[in-house]
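Presented below is the structure to which this report refers.
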């Protein structure tokens, strides 16, 4: 989890999120979700201050974007697209 002055890690150094693939496609097991997601918060999200809790989607959007960029850089666009399309099933 990202914090202003310290980073806490709690994924047990497993691939995916605690060893599970949030996308259900297998692509999410190609990286340590916590490292990529929380680093994106530090790198991008914390550079933006939300005026209201309703704007937290900006933080999460940058973090999800970073996940897909990581997959694209290491495994190609198809991997990234497959991952993102799998994640869409989690949201209404």
Filter region 58-90 down to the residues that are closer than 20 Å to residue 11 by Cα and touching a residue at least 60 places away in the same chain (Cβ under 8 Å), then identify the one that is surrounded by the most Cβ atoms within 10 Å (Cβ to Cβ).
83
Residues (surrounded by 13 or more Cβ atoms within 10 Å (Cβ to Cβ) and not in a loop (DSSP other than H, G, I, E, B)) located in region 38-57:
38, 39, 40, 41, 42, 43, 45, 46
Tell me, which residue of region 1-37 that is at pLDDT below 85 and not in a loop (DSSP other than H, G, I, E, B) is surrounded by the fewest Cβ atoms within 10 Å (Cβ to Cβ)?
7
Out of the residues in region 38-63 that are under 22 Å from residue 74 (Cα atoms) and touching a helix residue (DSSP H, G or I) at 6+ places or on another chain (Cβ under 6 Å), which is modelled with the lowest pLDDT?
44
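The values are calculated or read from the model by the stated rules, or taken from the named source; none is laboratory data. Small disclaimer: the values here were computed from a predicted structure and weren't measured. Every residue, glycine as well, gets a Cβ built from its backbone with ideal geometry; the counts of neighbours run over all protein chains shown.
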